1. How far apart, in nm, are the 7 Å Cα→Cβ label points at Arg48 and Glu207?
2. Please give, to one decimal in nm, the separation of the simple spin-label points placed at Ala20 and Phe340, each 7 Å out from Cα toward the Cβ.
3. Rounded to the nearest 0.05, what FRET efficiency do Ser270 and Ala216 have when you use their Cβ-Cβ distance and R0 = 22 Å?
4. According to a simple spin-label model (label point 7 Å from Cα along Cα-to-Cβ), what is the distance in nm between Ala80 and Leu288?
5. Just to confirm my numbers, what's the Cα centroid distance between the range 168-210 and the range 19-56 in Å?
6. If each residue of separation counts as 0.36 nm, what is the full-extension length gain between Glu359 and Leu166 once their alpha-carbon separation is subtracted?
7. On a full-extension model of 0.36 nm per residue, what is the gain between Arg159 and Ser5, subtracting their alpha-carbon distance, rounded to one decimal in nm?
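Only the coordinates and a few stated rules stand behind these numbers; no lab work does. Here the structure is a predicted model, which is why all the values come from computation and not from measurement. As a convention, Cβ positions derive from the backbone with ideal geometry for all residues, glycine included, and neighbour counts pool all protein chains shown.
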Amino acid sequence: SASSSSSAVQLRLFDRLLMAYADAQQQAQSALATLEKEQQRSTKSEARLAHLRTLLLYLNVMRIGHTLRRNLCLVGVHEARLQQQQLKRRQQQLDPLHESVLSSVEDSSSSSSSLSSASASSSSSSSSSSSSSTVDVDASSDLSAYVPRRDSRASDLVRLYDSVLLNQSRLIELRQQDNVEEGLALAASLAAYKAQRAFYMALAYAEQSKLDEALALLQRAEERISEATRQLNACASGASASGATAGTTASGVASAAAAVSAGELDSLRSRVRARRVLLLAERELCCLERERELLGAHPPRTMLDRVDEFGTAFLEKRDGHPPTIVEFPPAYEMISSNPFLFDLALSSLDYPSLEQHLEQPKKKSGGFWGFWRS
């Protein structure tokens, strides 16, 4: 509750400060436009123009730096809310087990002691729940103007880190080019913010059960952390060699409060690796469940049918029977019988007549009627 109230106070102060910077920028721009409209300029007006341009640059850099710090404050609020939500989920998962243990203890104890312990536990739980509810209401009322009333999600942090990256890129554009250590520090912070954005984007993909994309993003986050560590070490070695102090320029002052440290990078690397191990285990469990579902929907295949595949699900017993190497006796298979052939070409052939080549039989006459016929 104290952290949430302090965060709300900081956010309100940041809003007032940014409004003051915006007003100062507007007045400086109007004064600069008035001086630029003058036809004849003296050396004094030229000096005033140079001072106003430098002041505008300083105000712009400081406004971007305080906007960056404000966004990082919002990131901290959302991260704290995410941790509280994870703790609540774990508590909800442990509550049934806790209740079962309490019921077994109450059954073994006497009735009077069980009633007294139950009343005491219920009163303590009601008082703790009422106090926690009042604290949550107060915290939500403090941060209601900055944080939505719904539960925080990883996608909210991704959007916030988009704004952080935009502000950090603007600071890199406005820095002095001759200050190498300051450029390395800004680049290290930019790589660290990219790593955190990739981490929360991986969490957002994991919430949607897109585990392969989440693992790829966690690998990218580790690469960004390594890049930030290299640039931070180069910045530290260069600063120790040159003896320069950080925060001597406008961009250095603006980014000094938002700079990352080696300890923060190490903790972020540990979080990324832990989440990667959890996602790998979850993916393996999903693969096993999918394989068991396929085995339940389809008949199990034998080891001979799975020569080119690796898996252990086929070794499990099904309906009390051990796994089989081959199916014996083999199952009946339908085969096609020999077809009936009908030669229909003969009916469409026209053979030539051979009557002229045949020997004609001679007619024999006989008797009286044969004389007249002849």
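1. 5.5 nm
2. 10.5 nm
3. The computed FRET efficiency comes out at 0.65.
4. 3.9 nm
5. The range 168-210 and the range 19-56 have Cα centres spaced 33 Å from each other.
6. Taking Glu359 through Leu166 to full extension adds about 58.1 nm, to one decimal.
7. Extra length from Arg159 to Ser5 when fully extended: 53.1 nm.
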